[in-house]
Structure formats: structure tokens, C-alpha cells
1. Condition first: surrounded by 13 or more Cβ atoms within 10 Å (Cβ to Cβ), under 15 Å from the mean Cα position of the chain (by Cα) and basic (K, R). Can you find one or more residues in region 54-76 that meet it?
2. Confirm whether T92 is surrounded by fewer than 18 Cβ atoms within 10 Å (Cβ to Cβ), under 24 Å from A17 (Cα atoms) and in contact with a Phe, Trp or Tyr (Cβ under 6 Å, 6 or more places away or on another chain).
3. May I ask you to list the residues in region 1-28 that are over 16 Å from the mean Cα position of the chain (by Cα), under 26 Å from V73 (Cβ atoms) and either assigned to a helix (DSSP H, G or I) or among the aliphatic types (A, V, I, L, M) (or both)?
4. Quick check on this structure: which one of L10, L104, L26, L53 is modelled with pLDDT under 95 and touching a Cys at 6+ places or on another chain (Cβ under 7 Å)?
5. If I filter region 104-116 for residues that are among the polar types (S, T, N, Q) and surrounded by 14 or more Cβ atoms within 10 Å (Cβ to Cβ), do I get at least one hit?
6. Does region 88-98 include one or more residues that are charged (D, E, K, R), at pLDDT below 90 and under 14 Å from the mean Cα position of the chain (by Cα)?
7. Kindly list the number of the only condition in (1) part of a loop (DSSP other than H, G, I, E, B); (2) modelled with pLDDT of 80 or more that fails for G58.
8. For region 79-120, which positions are free of Cβ contacts under 8 Å to residues at least 40 places away in the same chain, of a type outside the set (F, W, Y) and not in a loop (DSSP other than H, G, I, E, B)?
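The values are calculated or read from the model by the stated rules, or taken from the named source; none is laboratory data. Treat the numbers as computed from the prediction; the structure is a model and nothing was measured. Because the Cβ atoms are built from the backbone with ideal geometry, glycine has one as well, and the counts that use them run over all protein chains shown.
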Amino acid sequence: MRYSNNFLGLICDDVPASTRYYTEVLGFEVNQEASIPGYYSQFVTKDGAMFALVGGFGIEQELDQKFDTALEVEDVDAVFVEWQEKGVELVTPVIEMPFGRTFLARTPDNHVLRVLQPAM
């Protein structure tokens with residue numbers, strides 16, 4: 001299995017306020033198609049990488065980390081089953097989000113990784 005990393009999410013307590021800062025002060029542009037107003041703001045980037053502000057989904061607020069990074073895969077369901085069979089601690093089931101199909105897994109070092117099959 002090959003993984004790539006093209007997603008960085010910053011966990012925020014107040015996504016609307018943080019979005020205003022990133023757009024009004026820093027000059028970022030929100031990707032409206034991929035965002036969930038008030039909960040998830042994904043920005044337009046030059047190279048197609050995903051950069052977002054994340055909050056309000058519940059589990060992200062409980063992770064005890066201030067970032068959300070994703071390993072991009074071609075078949076998220078296959079990786080989920082493979083990792084489940086290997087005994088990986090799976091934090092969430094595979095879920096459908098505007099940005100793609102995804103799940104979270106915890107490593108022995110207590111890092112939480114997102115596995116992502118981006119929306120086409």
C-alpha cells in the first residue's frame with residue numbers, strides 16, 4: 001500500500017472566527033464545495049493540497065492534538081479492513097465527508113491519523 005500526505009487540518013475551537021482570520025487577515029480563499037460552514041473550512045491551495053480548519057465534529061475535539069493530517073489512499077475501505085485485521089486501534093468507522101471518504105486510527109504513540117480517499 002502506498003500513502004501520500006496532502007492534507008493538513010488545524011483543530012479550532014471556533015471555526016467561523018478562525019475562518020474569518022484566515023480569509024480577512026491572511027488572504028486565504030475558502031473552497032465552498034469541500035467545506036461545511038461552521039464546522040470545516042477547506043481552503044483553495046496552489047498545488048491542490050488540502051489545508052483546512054477543523055472543529056465541531058466531536059471526535060476531533062477529543063483527540064488531544066491540535067492538528068489533523070491525512071494519509072491519502074486509493075481505496076479507504078480496503079485499508080480500513082486491512083488495518084482492522086492487523087489490530088490497529090480504529091477511532092472511527094469509514095465515513096463520507098464533502099472532501100472524501102475517511103476514517104481515523106490511533107498509533108501506539110497516541111497520534112491520531114486520518115486515512116483519506118479524496119472526493120473526485
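1. Checking region 54-76: not a single residue is surrounded by 13 or more Cβ atoms within 10 Å (Cβ to Cβ), under 15 Å from the mean Cα position of the chain (by Cα) and basic (K, R).
2. no
3. M1, the sole residue that qualifies.
4. Numbers: L10 fails: touching a Cys at 6+ places or on another chain (Cβ under 7 Å); L104 fails: touching a Cys at 6+ places or on another chain (Cβ under 7 Å); L26 fails: touching a Cys at 6+ places or on another chain (Cβ under 7 Å).
Step by step, each of L10, L104, L26, L53 is checked, and only L53 is modelled with pLDDT under 95 and touching a Cys at 6+ places or on another chain (Cβ under 7 Å).
5. Filtering region 104-116 for residues among the polar types (S, T, N, Q) gives 107, 110.
Next, from what is left, pick out any that are surrounded by 14 or more Cβ atoms within 10 Å (Cβ to Cβ): none.
No.
6. Restricting attention to region 88-98, the residues satisfying the condition of being charged (D, E, K, R) are 89, 96.
Filter once more, keeping what is at pLDDT below 90: none.
Checked region 88-98: no residue is charged (D, E, K, R), at pLDDT below 90 and under 14 Å from the mean Cα position of the chain (by Cα).
7. (2)
8. Going residue by residue through region 79-120, those that are free of Cβ contacts under 8 Å to residues at least 40 places away in the same chain are 80-81, 83-96, 100-103, 105-109, 120.
Narrowing the set further to residues that are of a type outside the set (F, W, Y) leaves 81, 84-96, 100-102, 105-109, 120.
Residues satisfying the conditions are V81, Q84, E85, E89, L90, I95, E96, G100, R101, T102, A105, R106.
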